[in-house]
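Input: a single structure, listed below in structure tokens.
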């Protein structure tokens, strides 16, 4: 690294002010860029390096100006004043983000990235550098262990995993030929990460951020019987069939990213497959694996994983508990990894990001060309550098520089970051690595105009276990009444195991009447459904928050005030602006909330009461609805969805129903769908099941009773 004295002899000088210190305007421009980034949020890795390089170049330039006898006293004072201005902006930025303060203490560029950045700026200023400063050698990468020492004591090995390892203690060897040593490339000496981010930040080239996909195949050879993939899904899957193995699948919610990932794993034979997801969608992933690849087994990891099927093809785990399963997941020979809601790993300093990246690195070490997929409708939250962790996960970059494949694509352009045309070509090169982004409006012809999608969630906390126990006790109470009636009247010719449906209906009807009379007293079908809504509230709100970041405005419906309160608290803590539409509002207040939601871009969510906001409102600024609680009537659900699905809506509407798995919630959703069928029969002449005529509450109680009698 040159000293300030040697640097002084390398500057070109003319009579113009900037030519006396041509580096200063470059530093001033760079520091303004950093300041603008910091005002929008914390700085990403590349901008933190920029901050550091600016700091030590300011010190180096200050030392040069002070010691260079070629300057007059007035010129020297003017240049030092300008450098002080740059230093002041650095200090203000560090005051805004205090983690930057330690970067001000570095005396020189130490990392290869910082050295390249310093070299490029000096060359831009016209400095003549020594030959040894032009060639910068990368530091050999240090392999990160899958399980850091801090997490070693937390590791668990489920008993069934030990059985799997004993059944086959040796992983199948990967005999795929490894590429020869990568030759030195033309761009190896350039700092490229900053230009890559800039290419996306400025939208260089202006084209859609979707890789070129193969044409639609003539026949659908992928879908299981009774299902059919849509056109946009089929084209994506053809890319997998053609051999592409790493994707940033950034389709908007509602376009079937989960199904595409499940089928991609099947086409790539990427088993065992690890899927890392938010807790709220674990059950949905298991259901989608069973639905689209029925020949494959999925297992959901809960807690310490004592109940998992270690011989499964697909392992599904949520971010929060991944840390205790790193050891065995890193040892079973994973051939693919899917990270759902991949923007969750954007903070590289977080433990969950480090866990995901460590596992991804291990998979690439042991498997040649694994299937790696990052799914997110919002790859960028605050800054273009949010791409950093996702690109690292996919193996496209190392953080400091592009990976070998991407570097080859950039090298093939024949351009450098000094060429304006480089940025459009660089953006296209990254997109061709596997970015796929489609919006609802782009594929509207593939979609129904209104879709109801169920998201089953697991209530695996103490509250959820209490709800399931209360359901069992209610079922047993109903079964005891049934048996007493049967004993009192005699079986009257019932075969062994046969159930008298008339008695089932009678017992359920009596229970329903007693429940209505009791209100909120005791455990009955009404209190259980309310408790389920309370247990789901945070999960439903969390999903709505994720959805809002992906697609913009979302309408969130709940039946009870306490569920609305919990959801609003969650949105507030997540930094999402919302409006509330409730039954106790005045007419002006309600209209103001509606106007704010439809007209104010900063308002992301409308929290609505099913009963108070289900009719007469126009909320078509959104095309996504979250139903956190189920209604007792199909009409109420339809009215809620139709606040968004109405004349003037130019996008397909998706309603996401949050369903508590293994509870009466599942049956209620089924009954509501049957009620929709009843309307179709009455109004449209369609044939539907006769049982749809039962009231939902009565049918739910009859279901609980049948379940108890069948045990």
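The values are calculated or read from the model by the stated rules, or taken from the named source; none is laboratory data. Bear in mind the structure is a predicted one, so any value in this text is a computation, not a measurement. Neighbour counts run over all protein chains shown; Cβ positions are idealised from the backbone, glycine included.
Go through region 124-145 and give me each residue that's at pLDDT 75 or above and either in the same structural domain as residue 30 (by TED's automatic domain parsing) or more than 18 Å from residue 358 (Cβ to Cβ) (or both).
Result: 124, 125, 126, 127, 128, 129, 130, 131, 133, 134.
Condition test on residue 563, is it under 21 Å from residue 638 (Cβ atoms), in a helix (DSSP H, G or I) and either outside the structural domain of residue 634 (by TED's automatic domain parsing) or in contact (Cβ under 8 Å) with a residue 12 or more places away in the chain (or both)?
yes
Conditions first: (1) buried (at least 20 other Cβ atoms within 10 Å of the Cβ); (2) in the same structural domain as residue 295 (by TED's automatic domain parsing); (3) out of contact with any strand residue (DSSP E or B) (no Cβ under 9 Å at 6 or more places or on another chain). Residue 247 passes all but one, so which condition is the exception?
(3)
Could you run through region 583-593 and say how many residues are modelled with pLDDT of 90 or more and surrounded by fewer than 20 Cβ atoms within 10 Å (Cβ to Cβ)?
Result for region 583-593: 1.
Test of understanding: among 513, 487, which residue is closer than 19 Å to residue 700 by Cα, outside the structural domain of residue 342 (by TED's automatic domain parsing) and in a helix (DSSP H, G or I)? Spell out the reasoning first.
Values: 487 fails: closer than 19 Å to residue 700 by Cα.
Within the list 513, 487, the selection yields 513.
May I ask you to verify whether residue 611 is out of contact with any strand residue (DSSP E or B) (no Cβ under 8 Å at 6 or more places or on another chain), in a loop (DSSP other than H, G, I, E, B) and on the phi < 0 side of the Ramachandran plot?
yes
Could you please find all residues in region 584-599 being under 17 Å from residue 561 (Cβ atoms) and assigned to a helix (DSSP H, G or I)?
589, 590, 593, listed by residue number.
Being without any contact (Cβ under 8 Å) to a residue 12 or more places away in the chain and either over 17 Å from residue 229 (Cα atoms) or outside any helix (DSSP H, G or I) (or both) is the filter here; which residues of region 265-298 pass it?
Within region 265-298, 295 is the sole residue that qualifies.
Specify the residue that is modelled with the highest pLDDT; the eligible residues are those in region 289-321 that are surrounded by fewer than 19 Cβ atoms within 10 Å (Cβ to Cβ) and within 18 Å of the chain's Cα centre (by Cα).
The selected residue is 321.
Of the conditions (1) loosely packed, with under 14 Cβ neighbours inside 10 Å; (2) within 27 Å of residue 386 (Cβ to Cβ); (3) modelled with pLDDT of 85 or more, residue 93 fails just one. Which one is it?
(1)
Based on this model, can you work out whether residue 402 counts as farther than 26 Å from residue 257 by Cα and in contact (Cβ under 8 Å) with a residue 60 or more places away in the chain?
In short, yes.
Hey, residue 362 hits all of (1) within 26 Å of residue 548 (Cα to Cα); (2) touching a residue at least 40 places away in the same chain (Cβ under 8 Å) but one; which does it fall short on?
If we test residue 362 against (1) within 26 Å of residue 548 (Cα to Cα); (2) touching a residue at least 40 places away in the same chain (Cβ under 8 Å), just (1) comes out false.
Here's the yes/no breakdown for (1) within 24 Å of residue 625 (Cβ to Cβ); (2) surrounded by fewer than 20 Cβ atoms within 10 Å (Cβ to Cβ):
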residue	(1), (2)
436	no, no
441	yes, yes
444	yes, yes
450	yes, yes
457	yes, no
460	no, yes
463	no, yes
469	no, yes
473	no, yes
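So, residue 677, is that one part of a helix (DSSP H, G or I), closer than 27 Å to residue 512 by Cβ and modelled with pLDDT under 85 or not?
yes
Listed residues 459, 455, 494; which is at pLDDT below 85, in contact with a strand residue (DSSP E or B) (Cβ under 6 Å, 6 or more places away or on another chain) and not in a helix (DSSP H, G or I)? Lay out the reasoning, then the answer.
Values: 455 fails: at pLDDT below 85; 494 fails: in contact with a strand residue (DSSP E or B) (Cβ under 6 Å, 6 or more places away or on another chain).
Being at pLDDT below 85, in contact with a strand residue (DSSP E or B) (Cβ under 6 Å, 6 or more places away or on another chain) and not in a helix (DSSP H, G or I) holds for just one of 459, 455, 494, which is 459.
Tally the residues that are surrounded by fewer than 18 Cβ atoms within 10 Å (Cβ to Cβ) and under 27 Å from the mean Cα position of the chain (by Cα), restricting the search to region 600-651.
Count: 4.
Suppose we keep only residues that are more than 16 Å from residue 83 (Cβ to Cβ) and free of Cβ contacts under 8 Å to residues at least 40 places away in the same chain within region 21-58. Which one would you say is surrounded by the fewest Cβ atoms within 10 Å (Cβ to Cβ)?
The residue in question is 36.
Which residues, taken from region 408-417, are out of contact with any helix residue (DSSP H, G or I) (no Cβ under 8 Å at 6 or more places or on another chain) and either under 22 Å from residue 124 (Cβ atoms) or not assigned by TED's automatic domain parsing to the domain that holds residue 369 (or both)?
411, 414
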